[in-house]
């Protein structure tokens, strides 16, 4: 009897959370996700600045430094749980979620799931391919490289929009994913300018 009560209570609480996640208003807010050091992601910093200037409220989910050095499986499991907790419980609902990839494991899966639960639009920003970086350390024939490539191809199709850094990458993504990809070239903020001779030797 107690078991039935606990299962019913758990189911009820989960349904309440699902209802809350989908019914919250997210217009005018954008959640930016980078599974890495934000200080080393100038492209995503620029996205945040541009969105703020356009009048959006921006929240950021990422690390202040290098990720954990736990073994790969444990690290991915920990990151999945952490991201789900932060994106569903700590962050406010957003109309759009911008995700930088790579890394896409586990962030792409988590963001697709969160966007489905919260009825948000997912924008994926490719600035490289995770499987090519993985191939540098494991070798191009390693099974994980092929799994990583297929993982990106399947889950990226759930995105509302896909952007990338170059025309060459756009052509490749258009062909592989069968979707329309938009090019956003990297552009430094206005505060960056060419250093003069004095600054170069300072």
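The values are calculated or read from the model by the stated rules, or taken from the named source; none is laboratory data. This structure is a prediction, so every number in the text was calculated from the model and none was measured. Here the Cβ positions follow ideal geometry from the backbone for every residue, glycine too, while neighbour counts run over all protein chains shown.
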- Message: Is it the case, given these coordinates, that residue 56 is at pLDDT 75 or above, buried (at least 16 other Cβ atoms within 10 Å of the Cβ) and out of contact with any helix residue (DSSP H, G or I) (no Cβ under 8 Å at 6 or more places or on another chain)?
- Response: yes
- Note on the structure: Of (1) at pLDDT below 90; (2) within 16 Å of residue 47 (Cβ to Cβ); (3) within 17 Å of the chain's Cα centre (by Cα), residue 163 fails just (1)
- Item | The listed residue being in contact with a helix residue (DSSP H, G or I) (Cβ under 6 Å, 6 or more places away or on another chain) and at pLDDT below 75, out of 35, 70, 83, 19 | 35
- Query: Residue check: is residue 104 modelled with pLDDT of 65 or more, crowded, with 16+ Cβ neighbours inside 10 Å and under 18 Å from residue 128 (Cα atoms)?
  - Reply: yes
- Considering each of 139, 146, 178 in turn, give the residue that is more than 24 Å from residue 48 (Cβ to Cβ), exposed (fewer than 14 other Cβ atoms within 10 Å of the Cβ) and touching a helix residue (DSSP H, G or I) at 6+ places or on another chain (Cβ under 8 Å). 139
